[in-house]
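*Asks:* Would you mind keeping the following structure in view while I ask a few things?
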Amino acid sequence: MRVVATALEGVRIIEPHVFPDARGFFLESYHAERYAQAGLPERFVQDNHSRSARGTIRGFHYQLRRPQGKLVRVVHGVVFDVAVDIRRGSPTFGKWVGVELSADNKRQLFIPGGFAHGFCVLADSSEVEYKCTDYYVPDDQHGVRWDDPTIGIPWPTADPVLSDADRAYPLLAPTREDLPRYDAAPALPR
């Protein structure tokens, strides 16, 4: 596999080795030892799978008391996947990285705890699977509004499909008490 650093500390693109042949292809979607050698977590405790229609935006979500690092991949379709640094005091606060993940390119995106995560579906439907470093706790769900002008994401849809919760999240502001602190964020090697 190849691991590509991004402009945000700890956010990484993973390009697995793919072995195609006449039958299809084979790849290792996760290998604890190899991922650990690349500086990624070797312990994930929960796998999630979502299916969404074209134009759906999910996010921006994060957990505060039990931050979840996420290893995201698309098993069907295409998404524009985004990580936003929401850690108060971070030199990259409010900055974001967006990556196209698809069943065809087989890329993965690792997003450490302390970052908000969201994606937009670019195909008729897409299925996203992601591994999490901690368990989901419903009363620890927080978010940032998907269209926050201070973040300025050029979402590739004019009329997004949103949940009521995603539509109602507040804007990002360094004074929000429900944001992680930069010094409390899980440290990852560069």
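*Asks:* Looking at the stretch 17-27, can you tell me whether even one residue there is charged (D, E, K, R) and surrounded by 12 or more Cβ atoms within 10 Å (Cβ to Cβ)?
*Replies:* There is no residue in the stretch 17-27 that is charged (D, E, K, R) and surrounded by 12 or more Cβ atoms within 10 Å (Cβ to Cβ).
Results for (1) closer than 12 Å to Ile57 by Cα; (2) at pLDDT 95 or above; (3) of a type in the set (A, V, I, L, M, F, W, C), shown as yes or no for each residue.
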| residue | (1), (2), (3) |
| --- | --- |
| Ala116 | no, yes, yes |
| Cys120 | yes, yes, yes |
| Glu129 | no, yes, no |
| Thr133 | no, yes, no |
| Tyr136 | no, yes, no |
| Arg145 | yes, yes, no |
| Asp166 | yes, yes, no |
| Pro170 | no, yes, no |
| Asp178 | no, yes, no |
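The values are calculated or read from the model by the stated rules, or taken from the named source; none is laboratory data. Here the structure is a predicted model, which is why all the values come from computation and not from measurement. A quick note on method: Cβ atoms are made from the backbone with ideal geometry, for glycine too, and the neighbour counts reach across all protein chains shown.
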